[in-house]
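See below for the structure under consideration.
The values are calculated or read from the model by the stated rules, or taken from the named source; none is laboratory data. Everything numeric in this text was worked out from a predicted model, so none of it was measured. Here the Cβ positions follow ideal geometry from the backbone for every residue, glycine too, while neighbour counts run over all protein chains shown. These accessible areas exclude ligands, DNA and RNA; they are computed on the full protein's heavy atoms, side chains included. Shrake-Rupley method; radii C 1.70, N 1.55, O 1.52, S 1.80 Å.
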Amino acid sequence: MSTRPHEGVRVRVVSLLRDILKETLNERFRLMKDLKSRILLELIETPDIVILLPQEIYTSQNERKSVDMAFGNKVIFELKSSEGEFDQAVEDAKKKYLNSHVAEKAEFFILTNYSNWRIYRINREGVVLNLKLEFEGDESSVRGVLKQIIAGFKELKVYPLPEIIVRLYTINIDNVLDELKVVFNSVKEDARVKPLYEAYVSIMRLLYGEAEEKFFQDLFIRHTYMHMAVLASLTLALGKIGEVKDVVSGSLLNVDVALPYLNWWKTKSTDQNLRVILEQIVTRATLVDWEVGLTEDIFRVLYEELIDHETRRRIGEYYTPLWLVDFMWSKFGDLRGKVILDPFCGSGTFLIRAFHIKINQGEEVDKAFNSLVGYDINPLAVAVARAEMMIAYKRRVGREPDKPPRIYHVDTLAMWFGVEQALPLEIGALVSSAKNYLQLLVNFNLVRFENALEELSTVEVLITRSIRYALAGCNLDEGCLEDKITGYMNELGGEVNDIFVKAFLDHVEKNGVASRLAKLIVKYGGNDVWGLVMASIYAPILLTHFNPDIVITNPPWVPLTEYKAPYIGEVRDYALKIVKKFVKDKAGQVIIGGDVAIVALGKSLEVAREGVAYVMNREQLFYHGAPTAGTLATYCVINSGEVKHIEFYDIDFDAFKHGIFPAIVIAKKVGGGVRK
């Protein structure tokens, strides 16, 4: 009887499968010349073979049972040190994971210690699972059998794990980005593209301050590519099929996930070079088995791979580790019935985890989904967060949601300080009319803020579906689009018995909203993702007095002295006013040491009904020796609110791997407690 260390078995099995797969794919590619085979061949020539042979795959989000290794989504491997463990391994597999999501499409179960092999065919009849032994032999005879199995698969799909998504979408990434840049340079002066790029740059300047044009153009190209990858992935994950340009732009989705700035390429959609890029992206997305629900937050690792370390560090843009997210949520206990806001939501990690926690605690899925609100100023972050939320919903229910995720493209600090947000493109003109009609509704008590989220979602759906239906029937005929959008809005809105929606339709008619939308669609070459843009105009107006139960976030860690937003004066005045209550004449010196997160914390404490949880720069919460200006500013902000219970946690290591240690503040307006 042969015995080998477990890891030694794994290495030898991977090497054998790599050789067989390479041989099989070369034969297939010579015959078919297909893009999928080429991509898979590129993968197995690198260490990225792990994408096809993922290791230690957990069978669900809540259980820690795992599969040793898989081959695509077709074969499950159990690796053992000795043949004597095989019989028990078969029984364990039946009980522990062969009926789980991770194995639901697997056709074979293979046991090996490399010297000895057993290959079982998996048969399912309803809920009954049977394993039929197809082969038993040694390493000298197994190769031919494995090749038959691999060659017999018409298609091979991989699991939707973050590390796999990263590898899949970063194959030859430099070449793809260079090709996309060539396409952009060919149209950047086009009147249909230039305003979109300029609008994007104006948003990015709020985050990054002034920089060379090359910096913003490189960021634009990288954001565009990831935007494409996310939308293609979501579209296929939701079971949609269509032309590649519609798959990659998000036009097939029932709700808007995309924002128009990063869909600039639609004006060039007939370009052959662009079409090659689009087809590559869609092909990569089709290699993923999106029906397997293994994890959430699958795209944030891709963002960290595409956007370099120094760029993210400039604005403190680092995503929160899941263990830290779970720790913070553990401080709030039962989340059922709570409305939650993440004002700087990034990829939506806090919201996605809250969604699953609420459901696990017994809350109905739609109620949990609709109770989560996120804002972010970064268009790509908004698209990613919406996509992640929709994937999480589908994993729970098996279909896409009827209403959009309540995540909006909003400059949170501008909203909190009552500053009119800088709205690019021609949509700014809608703001004053929107303000007037919304204020009228509020004054006459026709809209209640507890219903505002639902009403805002309804309005967004009206806009999105009216545009989709109109564009399908009118193409780029502006007059036709205006008439159809108006007609569809009235038809769809007429089915909703809600005073707010009726008032919105009146606003649409009196202020020419349909006409403005038709002009935007035509001007930007069929760019049809304006529902989210419009909702993000209405959101800060309608939700100015919105009071969530809990505010939780990882805000920007940008020093106040370096923050370049046009409303920086209001931000500093707010900080100065609070600090003066405690240190008076030295307030100016104190706030110089603070960062934007301190101001955001103060505003969050004002709006939250129950409590606030913030990840902050450790230097803003803890000190060794004499207090720093930053810690003094933070303590002033916390003590200026109605805080009844507070906990500080010093994370005494580089949890974000960017050189700055984090800390956590949990502040509650109810209950008692002691400082930690």
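Condition check ((1) surrounded by fewer than 23 Cβ atoms within 10 Å (Cβ to Cβ); (2) more than 20 Å from the chain's Cα centre (by Cα); (3) closer than 22 Å to I467 by Cβ) across all residues:
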site: M226; (1), (2), (3): yes, no, no
site: L238; (1), (2), (3): yes, no, yes
site: L252; (1), (2), (3): yes, no, yes
site: A258; (1), (2), (3): no, no, yes
site: W265; (1), (2), (3): no, yes, yes
site: D289; (1), (2), (3): yes, no, no
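What strands (runs of 3 or more DSSP E) lie completely within segment 1-115 and have 3 or more residues being at pLDDT 80 or above and closer than 29 Å to L322 by Cα? Break it down stepwise before answering.
On the way: elements: 55-58, 66-71, 75-79, 108-112.
In segment 1-115, 66-71, 75-79 are the strands (runs of 3 or more DSSP E) which contain 3 or more residues that are at pLDDT 80 or above and closer than 29 Å to L322 by Cα.
Restricted to segment 298-315, and to residues that are part of a loop (DSSP other than H, G, I, E, B) and buried (at least 21 other Cβ atoms within 10 Å of the Cβ), which residue is modelled with the highest pLDDT?
To start, the set of residues in segment 298-315 that are part of a loop (DSSP other than H, G, I, E, B) comprises 298-299, 307-308, 315.
Checking the rest, the ones that are also buried (at least 21 other Cβ atoms within 10 Å of the Cβ) come to 298-299.
On the way: I298: 79, F299: 86.
So, considering only residues that are part of a loop (DSSP other than H, G, I, E, B) and buried (at least 21 other Cβ atoms within 10 Å of the Cβ), the one modelled with the highest pLDDT is F299.
Tally the residues that are at pLDDT below 90 and either over 25 Å from the mean Cα position of the chain (by Cα) or open to solvent by 10 Å² or more (accessible area, probe 1.4 Å) (or both), restricting the search to segment 538-553.
Kept after step one, since they are at pLDDT below 90, are these residues of segment 538-553: 538-547.
Narrowing further to those that are either over 25 Å from the mean Cα position of the chain (by Cα) or open to solvent by 10 Å² or more (accessible area, probe 1.4 Å) (or both): 540-541, 544-547.
Matching residues across segment 538-553 total 6.
Taking segment 99-128, which residues are open to solvent by 40 Å² or more (accessible area, probe 1.4 Å), over 36 Å from the mean Cα position of the chain (by Cα) and β-branched (V, I, T)?
Passing the criteria: only V128.
Looking at (1) surrounded by 24 or more Cβ atoms within 10 Å (Cβ to Cβ); (2) over 23 Å from L53 (Cα atoms), find the lone condition where S233 falls short.
(2)
Which condition number does L335 fail, the rest of (1) within 20 Å of V612 (Cβ to Cβ); (2) part of a loop (DSSP other than H, G, I, E, B); (3) open to solvent by 10 Å² or more (accessible area, probe 1.4 Å); (4) of a type outside the set (S, T, N, Q) being met?
(3)
Within the group Y208, Y200, which residue is within 27 Å of the chain's Cα centre (by Cα), at pLDDT 90 or above and either of a type outside the set (A, V, I, L, M) or farther than 30 Å from W290 by Cα (or both)? Spell out the reasoning first.
Details: Y208 fails: at pLDDT 90 or above.
From the options Y208, Y200, the qualifying one is Y200.
Could you please find all residues in segment 134-180 being of a type in the set (F, W, Y), in contact (Cβ under 8 Å) with a residue 60 or more places away in the chain and either within 20 Å of M69 (Cβ to Cβ) or in a loop (DSSP other than H, G, I, E, B) (or both)? Explain how you work it out, then say what you get.
Filtering segment 134-180 down to residues of a type in the set (F, W, Y) leaves 135, 153, 159, 169.
Keeping just the survivors that are in contact (Cβ under 8 Å) with a residue 60 or more places away in the chain gives 153, 159, 169.
Correct list: F153, Y159.
Any residue that is modelled with pLDDT of 90 or more and surrounded by fewer than 23 Cβ atoms within 10 Å (Cβ to Cβ) - is there at least one of those in segment 610-625?
For segment 610-625, residues modelled with pLDDT of 90 or more and surrounded by fewer than 23 Cβ atoms within 10 Å (Cβ to Cβ): present.
Just need a number here: residues in segment 632-654 that are over 23 Å from W323 (Cβ atoms) and within 28 Å of the chain's Cα centre (by Cα).
Adding up the residues that qualify gives 0.
Quick test of your reading of the structure: I171 fulfils all but one of (1) open to solvent by less than 20 Å² (accessible area, probe 1.4 Å); (2) under 26 Å from K95 (Cβ atoms). Name the failing condition by number.
Condition (2) is where I171 drops out.
Considering every residue within segment 557-567, establish whether at least one is of a type in the set (D, E), open to solvent by less than 10 Å² (accessible area, probe 1.4 Å) and farther than 30 Å from K188 by Cα.
If we filter segment 557-567 for residues that are of a type in the set (D, E), which is where we start, we get 562.
Within this subset, residues satisfying the condition of being open to solvent by less than 10 Å² (accessible area, probe 1.4 Å) are none.
No, every residue in segment 557-567 fails to be of a type in the set (D, E), open to solvent by less than 10 Å² (accessible area, probe 1.4 Å) and farther than 30 Å from K188 by Cα.
Regarding L131, is this residue open to solvent by less than 20 Å² (accessible area, probe 1.4 Å), in a strand (DSSP E or B) and not β-branched (V, I, T)?
Details: open to solvent by less than 20 Å² (accessible area, probe 1.4 Å): no; in a strand (DSSP E or B): yes; not β-branched (V, I, T): yes.
In short, no.
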